[in-house]
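Every number in this text was worked out from the coordinates using simple rules, so none of it is lab data. This structure is a prediction, so every number in the text was calculated from the model and none was measured. Cβ placement follows ideal geometry from the backbone for every residue including glycine, while neighbour counts extend to all protein chains displayed.
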Amino acid sequence: MPATFAKDLCGYRAHGKPNTSDASEAFSVELGQALFEVLGVDPGAHGDEPTGGPFADRVAADLRSRAEDAGSSTVVTPEMSLNMFEQYKHVGALRGMKPDASRELRRALDRAYALIRRKIVSPPRDLARAEELILNVETALSEEIERRRLLLEQVGVESLLKLDVTASRYRTPTSDPELLVGLSLKWSLRTDRAQDCRSQGAKMAALRRGPMPHFAAVTMEPRPYMLNLLAGGSGDVDCVYHLDLPALTTAVEAVCAGRPLRRTTLETFRRMVAQRRVQDYDELVARVLQV
């Protein structure tokens, strides 16, 4: 079953072309229009590309609702940082570290110094010795702070990757949630957007300490060759979920079948579907409910 909200997000931009399409590319526009016809999008429906928060909120709300209806303990959340989860809580751990002595340590030393000065008032030799010890402690502390500062400057700091939608589960009431599914949402695809998804997947695999979550892209992109940038088998992305794969299949067949110049495009699409590199949204729902 395709995403029930897919049609709601579809519309025509101010120039009259589908918001799934690259307005400068004739095939993209033709395929986008064919997809909208199959979906039954009102020709008067207006809308820009639903990127970012609104798209993530809609997908997360739908998956969360389905999980709750099924009685699943899976927690679905939009816009979560990777280090909020058990396998990645070490990522960015050094970001909050400062070279300076903590406020608590400084207060403890000040109290100790004050006590020493009150208790040791004579003979002068003992007082001088106490002052020397205090100076030694301050010198050692300053040197330690400087060494720590130099060390932190040499340590690389990982960027805190954010995932558009996550599905996780608490193994125990007091544990951090374990990330089970991470999703990158791209309403439509460009070369840079596809590379962004692949970079995210590669980074998640490299940084994890524990099981690798299922990582996939969710899109409404109609062009097979753009889908192939993610679904071509690189391994960085497990698969691509399309919001309405049956409608896209009908549209691709309509604009490509029987046209020799588009045979490769049609074959590429059929191969991705047959290999389950491109899957329908209901496969994502099943995945979230099973984890």
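Residues whose amide H comes within less than 5 Å of that of Gln279, counting only those at least five positions distant or on another chain, are Val240, Tyr241, His242 (H built at 1.01 Å from N in the peptide plane).
Can you list the residues of segment 218-243 with backbone N under 16 Å from a point 7 Å past the Cα of Thr191, pointing along Cα to Cβ? Counting backbone N atoms under 16 Å from the label point, the list is 225-230.
Taking Val255, Val75, Val237 as the candidate residues, the one with maximal mean-square fluctuation in a Gaussian network model of the chain, Cα springs under 10 Å, is Val255. A simple spin-label model places the labels of Glu178 and Asp57 3.2 nm from each other, with each point 7 Å out along Cα-to-Cβ. Dipole orientation for the chain: of the candidates Cys197, Val252, Thr219, Cys197 has the Cα lying most toward the positive pole (charges on Cβ; Lys, Arg +1; Asp, Glu -1). Counting neighbouring Cβ atoms within 10 Å and putting the fewest first, the residues Val165, Val76 line up as Val76, Val165.
Net length available on complete extension from Ala26 to Leu207 is 61.1 nm, with 0.36 nm assigned per residue and the Cα-Cα distance removed. Length gained on full extension, Glu138 to Leu151: 2.7 nm, using 0.36 nm per residue less the C-alpha separation. A dipole drawn for the chain from +1 and -1 charges on Cβ atoms has a positive end, and of Met1, Gly92, Ala70 the residue lying farthest that way is Gly92.
Placing +1 on the Cβ of every Lys and Arg and -1 on the Cβ of every Asp and Glu, with nothing else charged, gives segment 225-291 a dipole about its Cα centre of roughly 340 debye. For the chain, with a Gaussian network of springs between Cα atoms less than 10 Å apart, report the residue from Gln195, Gln154, Gln279 with the top mean-square fluctuation. Comparing Gln195, Gln154, Gln279 in the GNM, the peak value goes to Gln154. For segment 95-154, the Cα-based Rg and Dmax, in that order, read 14.8, 48 Å. Over the chain, the ratio between the Cα radius of gyration and 2.2 N^0.38 Å evaluates to 1.49. Compute a Gaussian network model of the chain, connecting alpha carbons closer than 10 Å, and tell me which residue from Ala114, Ala45, Ala206 fluctuates the most. Of Ala114, Ala45, Ala206, the most mobile in the Gaussian network model is Ala114. Taken about its Cα centre, the chain carries a charge dipole of about 940 debye when Lys and Arg each add +1 at the Cβ and Asp and Glu each add -1 at the Cβ. The charge dipole of segment 95-154, taken about its Cα centre with unit charges on the Cβ of Lys, Arg, Asp and Glu (plus for the first two, minus for the last two), comes to roughly 300 debye.
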